[in-house]
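*Asks:* Mind looking over this structure? Questions follow.
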Amino acid sequence: MRIAVGFLTAGVAAEFFHRQIIAVAIPPLQKELGFSDTEAGALIFAFATGYAVFSLVLGRIADRGNRRNIYVAGMALWSLATAAAAACSSFAMLMATRLLVGGAQGASGACNGPILADYVKPERRSGAMALVSVGAALGVLGALIGGAFATAALGWRGFFVWSGVGGVAFALLFVAMVAEPPRGWSEGHAEKPGEQPPVRDALRVITHTPALRDSVIAVSLANTALLAPAQWGPTFFTRVYHMNLADAGVAGGVAGLFAVGGGVAGGLIADRMWLRDARNVLRLPGICALIASPLCFLAFRAPNAGSSIVLLVLSTGLGMIHTAPAGAVLQALAPLRTRALLSGVVNALLTFVAMGGGPLLTGWLSDQLGSSNDGAGLARALSYSAFLYFGAGVFLVRASRTLVPDLERVRAAA
């Protein structure tokens with residue numbers, strides 16, 4: 001079990017590394033290919049579109065098939081697509097590769113969480129998901145810091161090639177070390193082939209389960225607040241505070257490092273709260289998101305880089321606390337035979353809204369609010385992420401009020 005959880009964590013790290021490398025590549029890409037902030041946001045939106053579509057498709061397939069094999073195939077494909085981007089000579093070609101990367105990463109959105117849930121018992125699941133969220137933060141951290149230095153040394157094309165090669169090697173190692181777990185193994189349920197409900201019934205779980213519905217809305221808002229700055233952070237620091245790309249990557253990486261702490265803390269706390277008062281599993285992250293809101297606003301209005309980094313570190317750490325508890329709630333409220341589908345649906349929504357819509361809207365606002373040369377428009381656009389944290393906090397607290405009765409209904413139906 002520990003080996004599987006470790007590889008699932010590393011798989012998420014590889015996933016987020018490959019999706020985040022575009023963030024450090026934006027400055028040299030804009031210089032070489034000459035596209036606007038709106039077009040840069042469109043690259044990220046293309047990724048999110050591919051992810052959203054294929055998370056749904058692969059989620060449905062994974063509820064019937066071998067999730068491990070689907071996951072590994074996705075890893076290999078997104079790695080090859082990353083390497084292929086190095087040959088691009090136009091904006092359209094680059095967008096096509098990002099669309100393919102996103103589609104292949106839909107395999108992770110559909111398969112990672114359900115595989116983890118079948119390896120880990122419910123009372124230990126939040127802690128395991130916290131570890132997986134560490135993988136996401138480490139992937140972002142590696143892309144921002146390692147990517148910035150690699151881009152400076154090899155150029156963005158060389159960095160993309162080596163990233164792709166490493167991803168393919170990891171996919172081969174994953175398939176050799178991780179087996180497909182029986183569905184329901186961690187909970188003592190026997191798998192019942194042929195009982196898979198239609199898609200509309202699976203989607204109805206979200207709309208008719210108040211705690212799940214409000215949690216999904218909250219996580220969508222919180223992830224947008226996290227991912228828009230993560231994608232635009234290096235560009236923000238180079239424009240506003242005139243850092244070089246390597247220093248800007250380190251600045252963003254510091255915030256990512258503290259996000260790791262927030263993700264771990266959220267999972268460890270949630271594991272204890274399941275046994276004491278399950279409502280606090282969502283209530284505490286909600287309060288943390290409310291506190292993160294003003295800190296995020298001030299981070300992008302700070303008078304100097306040092307103040308901005310400190311405020312960004314605090315808001316990011318608090319903002320990440322929700323990830324493991326919300327993921328554990330999703331798996332706890334999802335019917336056994338629809339976990340992969342629901343996981344795919346939720347991850348598709350999160351990626352389309354947070355990873356795609358957030359950076360695209362930020363780029364468009366940046367172009368509308370000020371000159372791209374001094375970064376004033378980008379700073380103002382990023383500061384509006386604070387309102388998303390506030391909304392996330394409100395919906396998490398609201399979800400906590402119905403979590404216990406919703407859990408009881410799911411357990412009674414199992």
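The values are calculated or read from the model by the stated rules, or taken from the named source; none is laboratory data. As the structure is a prediction and not an experimental result, all values here were calculated from the model. Using ideal geometry, Cβ is built from the backbone for each residue, glycine included, and neighbour counts are taken over all protein chains shown.
*Asks:* Would you pick out the residues in the stretch 92-123 that are in contact (Cβ under 8 Å) with a residue 60 or more places away in the chain, part of a helix (DSSP H, G or I), of a type outside the set (Gly, Ala, Ser) and buried (at least 19 other Cβ atoms within 10 Å of the Cβ)?
*Replies:* Leu94, Arg98, Val101, Gln105, Cys111, Asn112, Pro114, Ile115, Leu116, Asp118, Tyr119, listed by residue number.
*Asks:* Right, Leu330: closer than 29 Å to Met243 by Cβ, in a helix (DSSP H, G or I), among the hydrophobic types (A, V, I, L, M, F, W, C) and modelled with pLDDT of 80 or more or not?
*Replies:* no
*Asks:* Report, by residue number, each residue of the stretch 146-179 that is under 22 Å from Met243 (Cα atoms) and among the β-branched types (Val, Ile, Thr).
*Replies:* Result: Thr151, single match.
*Asks:* Would you mind telling me which numbered condition in (1) part of a helix (DSSP H, G or I); (2) modelled with pLDDT under 80 Arg157 fails?
*Replies:* Failing condition for Arg157: (2).
*Asks:* Output the residues belonging to the stretch 361-414 that are part of a loop (DSSP other than H, G, I, E, B), loosely packed, with under 15 Cβ neighbours inside 10 Å and either touching a residue at least 12 places away in the same chain (Cβ under 8 Å) or of a type outside the set (Ser, Thr, Tyr) (or both).
*Replies:* Asn373, Asp374, Ala414
*Asks:* Let me ask something else. Quickly run through the stretch 223-252 and pick out the residues that are modelled with pLDDT under 85, in a helix (DSSP H, G or I) and surrounded by fewer than 23 Cβ atoms within 10 Å (Cβ to Cβ).
*Replies:* Scanning the stretch 223-252 gives Leu245, Ala246, Asp247, Val250.
*Asks:* Continuing with the same structure: For the stretch 292-308, give me each residue that is at pLDDT 90 or above and crowded, with 16+ Cβ neighbours inside 10 Å.
*Replies:* Answer for the stretch 292-308, where residues must be at pLDDT 90 or above and crowded, with 16+ Cβ neighbours inside 10 Å: Ala292, Ser293, Leu295, Cys296, Phe297, Leu298, Ala299, Phe300, Ala302, Ser308.
*Asks:* Can you find a residue in the stretch 341-360 that is more than 15 Å from the chain's Cα centre (by Cα) and modelled with pLDDT of 80 or more? Walk me through it before giving the result.
*Replies:* Within the stretch 341-360, the subset more than 15 Å from the chain's Cα centre (by Cα) is 341-342, 360.
Those left that are additionally modelled with pLDDT of 80 or more: 360.
Yes, that holds for at least one residue.
*Asks:* Test Gly155 against the stated conditions and say whether it is among the small types (Gly, Ala, Ser) and within 20 Å of Phe7 (Cβ to Cβ).
*Replies:* Numbers: among the small types (Gly, Ala, Ser): yes; within 20 Å of Phe7 (Cβ to Cβ): no.
Here the answer is no, as Gly155 does not meet what is asked.
*Asks:* Which is assigned to a helix (DSSP H, G or I) and either over 30 Å from Leu284 (Cα atoms) or not aliphatic (A, V, I, L, M) (or both), of Ser133, Ser89?
*Replies:* Going through Ser133, Ser89 in turn, just one is assigned to a helix (DSSP H, G or I) and either over 30 Å from Leu284 (Cα atoms) or not aliphatic (A, V, I, L, M) (or both): Ser133.
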